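Any read-out appearing in this document is the output of simple, stated calculations on the displayed coordinates, not a laboratory observation. Since the model is a prediction, treat every value here as computed from it, not as a measurement. Virtual Cβ from ideal backbone geometry, glycine too; neighbours counted across all protein chains shown.
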Amino acid sequence: VRVVSGSSDGFNYPQAIVSDGTHLWVMNAGSNSLTELNLSNGSLVRVVSGASYGFNNPQGLASDGTHLWVANLFGNSLTELNLSDGSLVRVVSGASYGFNGPAALASDGTHLWVANFFGNSVTELNLTP
């Protein structure tokens, strides 16, 4: 139907994509950033980047319906963002969660599964308080 491309949209080695039904989020591994596009017309909404978000070779994306989760392969962490405005919620890190190179994510809204590239394992997190 269409191709959205170019550095004007912040694309730099896009690694993963996920949609919340209204927006398309594209993870850019080459620039440690996240591009948000309007799903209906492909226009740029925003680019989220920087060390303050904990991005460190981001590889995977998942949405639980309220939050966007980013797997940081070299940061050995997950970044949680608010889907509505892209703001940082928290960075979850450490071997205590079983993270060893988090690379891919999946969510059913209640749980988040993390594929650990270097650990040859999967970590399951409970998203409900």
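Listed here are the residues, each with its yes/no results for (1) of a type in the set (Val, Ile, Thr); (2) part of a loop (DSSP other than H, G, I, E, B).
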| position | (1), (2) |
| --- | --- |
| 4 | yes, yes |
| 8 | no, no |
| 21 | no, yes |
| 30 | no, yes |
| 42 | no, yes |
| 48 | yes, no |
(request) Identify the residue in segment 76-97 that is among the aliphatic types (A, V, I, L, M) and under 19 Å from residue 57 (Cβ atoms) and, among all such residues, is surrounded by the fewest Cβ atoms within 10 Å (Cβ to Cβ). (result) 95
(request) Considering every residue within segment 34-50, establish whether at least one is of a type in the set (Asp, Glu) and touching a His at 6+ places or on another chain (Cβ under 9 Å). (result) yes
(request) Give segment 104-118 a look and list any residue that's surrounded by 19 or more Cβ atoms within 10 Å (Cβ to Cβ) and closer than 15 Å to residue 74 by Cβ, or say none. (result) 114, 116
(request) Only residues that are farther than 18 Å from residue 125 by Cα and assigned to a loop (DSSP other than H, G, I, E, B): list them for segment 55-74, please. (result) 55, 56, 57, 74
(message) Out of 60, 65, 10, I need the residue that is on the phi > 0 side of the Ramachandran plot and surrounded by 15 or more Cβ atoms within 10 Å (Cβ to Cβ). Which one?
(response) 10
(message) I'd like to check something: does segment 34-57 contain any residue that is farther than 27 Å from residue 7 by Cβ and touching a residue at least 12 places away in the same chain (Cβ under 8 Å)?
(response) no
(message) Condition check: of a type outside the set (A, V, I, L, M, F, W, C) and under 24 Å from residue 5 (Cα atoms). Does residue 60 satisfy that?
(response) yes
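Residue-by-condition table, conditions (1) touching a Pro at 6+ places or on another chain (Cβ under 6 Å); (2) crowded, with 20+ Cβ neighbours inside 10 Å:
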{"position": "14", "(1), (2)": "no, no"}
{"position": "17", "(1), (2)": "no, no"}
{"position": "36", "(1), (2)": "no, yes"}
{"position": "41", "(1), (2)": "no, no"}
{"position": "49", "(1), (2)": "no, no"}
{"position": "53", "(1), (2)": "no, yes"}
{"position": "70", "(1), (2)": "yes, yes"}
{"position": "99", "(1), (2)": "no, yes"}
